[in-house]
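A short write-up of the structure that comes next.
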């Protein structure tokens, strides 16, 4: 009965709320309604409807006991709420903060509560990768023709605006897919790379069907022609290669971070530019884009220094009049808006959760592959978030992915050995047939 009930609550093996969430984030912002001055996009509706039930499930412990990382998530949200109240007063702060909490905590809780086993995680990975590969049917023609099939088709159906014009790159039109910007589509695709390699292809190069999907993820990311998604892909690819060749070497991850540290020191000592400037220059498409990100960092960090505790909320940050208000650095934008404590709580959640999950020993091989897929995905997004801002569907996807690995904290693998017929009580082992 329990198994049947479980199956009735899934779509292609994915829990129904998670399936609805993925469907919602695949819809352009035009698919939304306005309620009380708030834009209610499809994914916001899903998260708002699920928020109270998920909160009750978390508190009651029906889907796992609360832990310190849940506390860090809610501390981050609470501090962001205080910052927004400080900026806009109680009414405005609660309105803006309420939406932030629904998106941030809601997406995290969706992953935290509905991905509770390896089977859930694997089903989510297969569905996610499958969606990315299917989008190629639309985005390859889009890149070649400049006709934004999914975005403009869906937006036109609901009376929304068409995709804005963006300069082509590398001879290709930058693809939107169903998203509001090529960066959003690219990061969505790139974030599934480790899931495709470790879970769908099971890390086996001779798994042709699985590796075909890995290639599909790579191609879909390439179609976006955006530097941020390429960074997400490259960072995952780098650590995948590191794990592939040094998988049996003890201390390989400590060695990797030592290598990162030594590289940082070497750049700082021998380059006329700071490591941040070098990183930005080499991981952006144009000098103008790199220069703009450097200015964002300089003026944004100065804003953090002036308002370190509660930030400036949704207010304007000081910058030259000719600079856009867009802040292409998620981590910096978080500190500017909500203060350093909010950033520290968020980094504590992310790094602490990954580190704690990484300390678990004697996990089954498929669980270890799932852990690699999850951790490498977050690593890629975390690095890229220093060059792009995570907003709208990308923001909630990031928090969902953080929560989707929390099952690795306390889930227990079924280690009971499978018994053969000869080992079952009351049965005699079958005698081999005699030749003579």
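Laid out as a table, the results:
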| item | result |
| --- | --- |
| Helix axis angle, 340-358 relative to the chain longest principal axis, alpha carbon, degrees | 20 degrees |
| Theoretical gain in end-to-end length, residue 52 to residue 78 [0.36 nm per residue, Cα-Cα removed] | 7.7 nm |
| Segment 30-148 - percent relative contact order, Cα under 8 Å, separation 6 or more | 21 percent |
| Gained length - residue 289 relative to residue 273, 0.36 nm times residue gap less alpha-carbon distance | 4.1 nm |
| Gaussian network model of the chain, springs between alpha carbon atoms under 10 Å - residue of 256, 58, 113 with greatest fluctuation | 256 |
| Rounded tilt (10° steps) of 365-384 against the dominant C-alpha axis of the chain | 10 degrees |
| Taking all pairs of distinct alpha-carbon atoms in segment 115-217, Kirkwood radius in angstrom | 14.7 Å |
| Over segment 2-84: Rg over Rh, Cα atoms, Kirkwood Rh | 1.04 |
| Simple label model, 7 Å out from Cα along Cβ direction - residue 40 to residue 321, nm | 4.1 nm |
| Ranked packing of 381-389, 139-147, most packed first, by mean Cβ within 10 Å | 381-389, 139-147 |
| Antiparallel DSSP beta bridges within the chain, percent to nearest 5 | 90 percent |
| Compactness of the chain - radius of gyration and Dmax, Cα, Å | 23.4, 97 |
| Zero-based 10 Å bins, Cα pair distances in segment 203-357, whole percents | 9, 25, 35, 23, 7, 1 |
| Mean shadow area of segment 220-260 over all directions, Cα convex hull, nm² | 3.4 nm² |
| Label point 7 Å beyond Cα of residue 166 along Cβ direction - residues of segment 371-403 with amide nitrogen under 15 Å | 387-395 |
| Contact order relative to length of the chain, as percent, for alpha carbon pairs under 8 angstrom and 6 or more apart | 21 percent |
| Difference of contour (0.36 nm per residue) and Cα-Cα distance, residue 63 to residue 260 | 67.2 nm |
| On Cα atoms only, tilt of 208-223 relative to the major axis of the chain in degrees | 0 degrees |
| Equivalent ellipsoid, segment 64-157 (semi-axes from 5 times Cα gyration tensor eigenvalues, Å) | 35, 24, 9 |
| Helical contribution to [θ] at 222 nm, DSSP H n ≥ 4, -39,500 (n - 2.57), averaged over the chain, rounded to 500 | -21000 deg cm²/dmol |
| Cα-based Rg / Dmax (Å) for segment 9-142 | 16.8, 49 |
| Under the Debye formula (equal points on every Cα, no solvent term), log10 I(q)/I(0) of segment 256-332 at q = 0.14, 0.20, 0.21 Å⁻¹ | -0.57, -0.97, -1.02 |
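Only the coordinates and a few stated rules stand behind these numbers; no lab work does. The model shown is predicted, which means the values in this text are computed figures rather than measured ones. Cβ atoms come from the backbone with ideal geometry, glycine included; neighbour counts cover every protein chain shown.
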